[in-house]
């Protein structure tokens, strides 16, 4: 999967990495800049997605589509598709360009809408990557988990870098008998859950 990434995907990944680095260096407002996972987190979630059971794949918080490209590698490998949600207009515009440039439109269903409103329609979830505004983590988790298949995987990013903000949600998830969960110290920290 990682040794034969298509050149258009690699090219767009590099462009997004450069855009993100420029935004960070220039001090672009936290809410306006592309906020994307580091490459090691991208690889980690791609491996998890490739190992997920049969079912729907979801991503909440597309941003510019960087993490979606990593997940698209797993989808291409397993013959699956991913639905990804983004609310911000500017980021949705970048994401659309990303999916076109990378040639992944056939496996990425991009939804420019509020994920919280649309998530209840998605059942049989096998994999979900959550990387949105932190106040959405708990509501999204509570919507997605009941709709997951047994053995389904949910991953939430930034759980170490934003642990103070996410502490109530993390405490809830780590005690939730519906899942087995732990925080993995990769990138900015990810919460990894497996539905029982």
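Would the range 72-196 count as rounded, prolate or oblate if I go by the C-alpha gyration tensor, calling it rounded below 1.5 in a/c and otherwise prolate when a/b exceeds b/c, oblate otherwise? Judged from the Cα gyration tensor, the range 72-196 comes out prolate (a/c at least 1.5, a/b above b/c).
Placing pseudo-labels 7 Å out from each Cα toward the beta carbon at residue 40 and residue 184 gives an inter-label distance of 1.2 nm. Across the range 113-142, the residues whose backbone nitrogen lies under 20 Å from the label position 7 Å along the beta-carbon direction of residue 54 are 122-128.
Given the DSSP H assignment, sum -39500 (n - 2.57) over each helix run of at least 4 residues in the chain and divide by its residue total; what's the result at 222 nm in deg cm²/dmol, nearest 500? That calculation yields -13500 deg cm²/dmol at 222 nm.
When each of the peptides 146-152, 129-135 is scored by the mean number of other C-beta atoms lying within 10 Å of its residues, the order from highest to lowest reads 129-135, 146-152. Inter-label distance, residue 25 to residue 4: 3.5 nm, where each label sits 7 Å from its Cα along the C-beta direction.
Full extension of the chain between residue 121 and residue 77 gives 13.3 nm of extra length, using 0.36 nm per residue less the Cα-Cα distance. Extension gain, residue 17-residue 100: 0.36 nm per intervening residue step, less the Cα-Cα distance, totals 28.2 nm. The mean sequence separation of alpha-carbon pairs under 8 Å and at least six residues apart, normalised by the residue count of the chain, gives a relative contact order of 19 percent.
Packing around the peptides 17-23, 101-107, taken as the average count of other Cβ atoms within 10 Å per residue, puts them in this order, highest first: 101-107, 17-23. Each peptide among 115-125, 82-92, 68-78 gets the average number of other Cβ atoms lying within 10 Å of its residues, and from highest to lowest they stand as 68-78, 82-92, 115-125.
Every read-out reported here was derived from the displayed coordinates using simple, explicitly stated rules and does not represent laboratory data. Remember, it's a predicted structure, so these values are computed and weren't measured experimentally. Using ideal geometry, Cβ is built from the backbone for each residue, glycine included, and neighbour counts are taken over all protein chains shown.
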